[in-house]
Amino acid sequence: MPEQVKVENVTVTIDGVAVAVPKGTLLVEAAKQIRREIPVYCYHTKMGPAGLCRICLVEIEGMPKLQIACNTPVTDGMIVHTESGKAADGRRAVLELYLVNHPLDCPICDKGGECDLQDYAMAYGQGASRVADAKASKPKAVDLGPTIVLDEERCVVCQRCVRFDDIITGDQQLVLKDRGVRNIIATATGDPYHHDFTGNVTELCPVGALTSKTYRFKSRPWDLKRAQTSCTQCSVGCQQFVDTRADVVARTMSVETDDAISDTWLCDRGRYNVGFYAGGDRITQPLYKQDGEFVPIGWDDALELWAKAILAADPSAVGVIGGGRLTNEEAYLLQHVFRAKGVGNLDWRAGRQQQATPGRNGGSLLALEGVNAIVVIGESPAQRAPVMDLRIRKAVKRGAKLIRVNSLEIAPPIGVACSEAASIADAIGALPKNARTVAIVWDGVDRSLGKALVDALPPEIAVLAYVTGEQGNARGAEAMGMHPSFGPGYAGVQSGKDTHAMIADARAGKLRVLSIFGANPALHYPDGPAIGQALAKTPFVVVSELFMTATAKAATLVLPAKGAYEKNGTTTNLAGDVLPVNAAQELRAPDDALSDLEMIAGLAARLGVALPSHEELDAAVITHLARSPEHFTFGDAAFATGRGAPHPATGGDLRLVVHSSIFAGGGTIAHDDRLAELEPLPEVALGAADAQAFGVETGDYVDLASGDRTMHDLLVEVRPNLPRGVAVLIGGLPDDPANALGADAAATITNVRKGALTEVRA
Ligand code: SF4
Ligand code: SF4
Ligand code: FES
């Protein structure tokens, strides 16, 4: 646990009110304690003072000149006036300067109604300009990159965006160019502004200079209806506002007070991947496959058919896969109904991840900031749990040492030092000498590595453990009992079959009914051909989905589901926090879509299963169930129903390693046209030695073959640091599934083509 430091308090009097705050507190923060707002542009709580804009001027008794409140620590006995005539005069003068060249195009500006320049000009400015000359005008609507537009003439040069890119993400793409009245924001290289957190700058920008392409000119703030919910697109669960207008999601915003989960940021996936709600390709009614074609049917018929298939089969021939997209309550109900019918073949694990609950070492996201070292095992959280990666970066900047084990494919958080460890022993050896608290961040894939590290750490070191999930509510599904070995709250149950055993049964013709909820194993299950055969050979496959995914296309019955903004409930994030899921206001789901809770309840009625009581699904009970079990740890044998560590491939040239990308995914991203530019191309990353051996370089296109299977047109990226014999693929691309060659395939590069794919494909 982080050390307890004794804090000395000082007392400051602000506008006649005495307030005691820790020594060193900035005046602007001390004022917040008494709900006194001091205007700021460049200052931001998460980035500290910059002292650039001078709008925060205050009068401090005993000081001859006005002082900036954002960079002045309070001292004992200090007497401050934030609203005196002198302070107001100072702000008026500062504002006058800002408005000399500002276009004041408030009637068309997207920030109108929530602009700090507009607000402060009203509060402190003067009515008319004393400048007779025409304003200098700069370009409008400058395309800064795939997500952001810049109106150069609105910029007040506060540099918050530049500092965000430096302090928070480390990307350092944005810079301030030119001087004086010609100051503009641009990327240092002139390339498009592009990383995974760009949308945050639109919120940080105090004026309407930076806007999101997806929201620009869509609404005025007072026309929006707002709900607060949790993002469900990954296992972090950032808190966010969902703003709807005319029944469409207009935008999402971060929640400023969300220090504990998101630290007030959102990644671009969580922020922008909302267009699919209004997408024309939602499934709008139940579909039943007859003679190989889907035909629409009513819900009554669909539920009857489903129940009949379950009742006709032996419970051991019935299976359920999925749950990571569902709420806690839905996952609970799902296992409740099937277990009540004697079905024990239940598993949330549809992909590579084997475990979601860290067990007795579980830690909070906030606590991650105070550790002495962070060991990342397997895939970096950058693409699986992006906002967590920002927290890791923050911890490292505060002094934590970052060590990676078996984490070859992804770079560490930008701009922070990272030690590579080849083995667990290496990682232990790399720990700082006096480390007392170590965080382990595991991708949940290779159980042996996670367990070996926990076992090898000296007992005097406190361990905080986190598993980054492949699905938003993987941990919730596990805690609610969507697991072949556990019921709700990790209670022991009569063991059933895990995903791998169910798929083996299906391929052997022994599984009669398979219900898949919020999962797309056709794309994510490590062995693509095996899941393809399993789906084809199971007589009755039911899929609850929003879109016709590869799995849904293989189903017998497809059930139209509501998305996260269309329903209520809770999820459990990777740190074990039970978070609220609230429906957006007046967002209309497709008419015939049901929440998974509604459809499972409908099934229960037809199966003659009594629903759990209200009390059983109460938030307090869910929270209790989601508590990390004290008797488990990483890689615990109790979770060992999975296939375990991938076996090194033999007999081929390259071992395939699959990694995540936040903008890949056959779930929602593929159904949001606005994000097409962000979707990664199918690529294969190779180390320098292999690239040389195959005669390829970055930008070439190749096929990848294993046995009689081939993946076509993969863009080559040579990453010098990748070891020999490894090829890294992006998982979850709907048109190019990385599981196409089978699990643990040993593949070889074939059919090398030089030049652009467009030429190759033409
Ligand atoms: S674009 Fe916005 S955030 Fe960036 S410097 Fe200008 S006003 Fe500040
Ligand atoms: S980090 Fe995860 S939870 Fe947070 S905004 Fe991004 S996708 Fe959503
Ligand atoms: S907020 Fe104080 S100088 Fe900018």
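Descriptive notes on the structure:
- The stretch 1-120: relative contact order as a whole-number percent, Cα under 8 Å and 6+ apart: 25
- Here the stretch 416-537 yields Rg over Rh of 1.08, to two decimals, using C-alpha coordinates and the Kirkwood radius.
- Per-peptide average of other Cβ atoms within 10 Å, ordering 561-573, 142-154, 455-467 highest first: 561-573, 142-154, 455-467
- Backbone geometry of the stretch 476-487 corresponds, through the Karplus equation with coefficients 6.51, -1.76 and 1.60 at θ = phi - 60°, to 3J(HN,Hα) couplings of x, 4, 5, 5, 7, x, 7, 8, x, 10, 10, x Hz, x marking Gly and Pro.
- Radius 14 Å from Cβ of residue 698, net charge of other residues (Lys, Arg +1; Asp, Glu -1): -2
- Within the stretch 359-381: backbone nitrogen closer than 11 Å to the residue 47 label point (7 Å, Cα to C-beta): none
- For the stretch 564-707, the Kirkwood estimate of the hydrodynamic radius, built from every pair of different alpha carbons, is 21.2 Å.
- The alpha carbon centroids of the stretch 703-741 and the stretch 460-477 are separated by 28 Å.
- Share of carbon and sulfur in the accessible heavy-atom surface of the stretch 656-762 [1.4 Å probe, %]: 49
- Which of 37, 598, 256, 683 is most accessible, then next, and so on - probe 1.4 Å: 256, 37, 598, 683
- Cα-only radius of gyration and Dmax that characterise the stretch 219-331, units Å: 19.5, 57
- Dmax and Rg, reported as Rg then Dmax, of the stretch 249-408 (C-alpha, Å): 21.6, 63
- The chain, relative contact order in percent, only Cα pairs under 8 angstrom and at least six apart counted: 12
- Other residues whose C-beta falls under 12 angstrom from the C-beta of residue 222 contribute a net charge of +1, scoring Lys and Arg +1 and Asp and Glu -1.
- Net lengthening on full extension, residue 15/residue 195 (0.36 nm per residue, minus Cα-Cα): 60.5 nm
- Summarising the amide proton neighbourhood of residue 739: residues at separation of 5 or more, or on other chains, whose placed amide H is nearer than 5 Å comprise 732.
- Figure note: 194, 614, 336 ranked by solvent-accessible area, largest first, 1.4 Å probe, ligands and nucleic acids not counted: 614, 194, 336.
- When the Cα convex hull of the stretch 353-467 is projected onto planes of every orientation, the mean area is 6.2 nm².
- Accessible surface of the stretch 20-132, 1.4 Å probe, proportion on carbon and sulfur as whole %: 54
- Which listed pairs, of 289/510; 341/553; 32/213; 451/510; 401/451, have C-alpha distances above 24 Å, in listed order: 341/553; 32/213; 451/510
- Cβ-Cβ FRET estimate between residue 177 and residue 676, R0 fixed at 22 Å, reported to 0.05: 0.15
- For residue 97 and residue 301, the FRET efficiency from 1/(1 + (r/R0)^6), where r spans their Cβ atoms and R0 equals 60 Å, is about 0.30.
- Summed over the residues of the stretch 307-390 and divided among them, the accessible surface reaches 21 Å² per residue at a probe radius of 1.4 Å.
- All Cα pairs of the stretch 481-601, percent lying beyond 25 Å: 35
- If R0 is 56 Å, the Cβ-Cβ spacing of residue 708 and residue 414 corresponds to a FRET efficiency of close to 0.85.
- Element breakdown for the stretch 242-339 at a 1.4 angstrom probe: carbon and sulfur atoms account for 49% of the accessible area.
- Ranking 301, 505 from most to least accessible surface, computed with a 1.4 Å probe over the protein chains only, gives 301, 505.
- Working note: Karplus 6.51/-1.76/1.60 with θ = phi - 60° gives the stretch 587-603 the couplings 7, 9, 6, x, 3, 9, 6, 10, 6, 4, 4, 5, 6, 5, 5, x, 5 Hz, where Gly and Pro are set to x.
- Relative contact order (%) - the stretch 379-479, alpha-carbon pairs under 8 angstrom, separation at least six: 26
- For the stretch 650-703, alpha-carbon Rg and Dmax in angstrom: 14.5, 42
- Its convex hull of Cα atoms gives the stretch 47-103 a direction-averaged projected area, equal to a quarter of the hull surface, of 4.8 nm².
- Relative to the current alpha-carbon distance between residue 216 and residue 585, full extension at 0.36 nm per residue lengthens the span by 130.8 nm.
- Computed from the alpha carbon positions, the gyration tensor of the stretch 63-221 leads to an equivalent ellipsoid with semi-axes of 29, 21, 15 Å, biggest first.
- The phi-based Karplus calculation (6.51 cos²θ - 1.76 cosθ + 1.60; θ = phi - 60°) puts the 3J(HN,Hα) values of the stretch 511-521 at 9, 9, 10, 10, 9, 10, 10, x, 8, 10, x Hz, whole numbers, x for Gly and Pro.
- On full extension, the segment bounded by residue 75 and residue 698 gains 218.5 nm, given 0.36 nm per residue less the C-alpha separation.
- The C-alpha atoms of the chain occupy a region whose extents along the principal axes are 86, 61, 61 Å, arranged from largest to smallest.
- When the stretch 1-143 is reduced to its Cα atoms, the Kirkwood hydrodynamic radius in Å: 17.0
- Charge tally in the Cβ shell below 13 Å around residue 414, where Lys, Arg are +1 and Asp, Glu are -1, residue 414 excluded: -2
- Residues of the stretch 597-616 with amide N under 17 Å of a point placed 7 Å along Cα→Cβ from residue 227: 597-599
The values are calculated or read from the model by the stated rules, or taken from the named source; none is laboratory data. What you are looking at is a predicted structure, and each value in this text was computed from that prediction instead of being measured. All Cβ positions, glycine included, derive from the backbone under ideal geometry; neighbour counts span all protein chains shown. The protein model used for the area step is the full one, side chains on, heavy atoms only, and it has no ligands, DNA or RNA in it. Shrake-Rupley method; radii C 1.70, N 1.55, O 1.52, S 1.80 Å.
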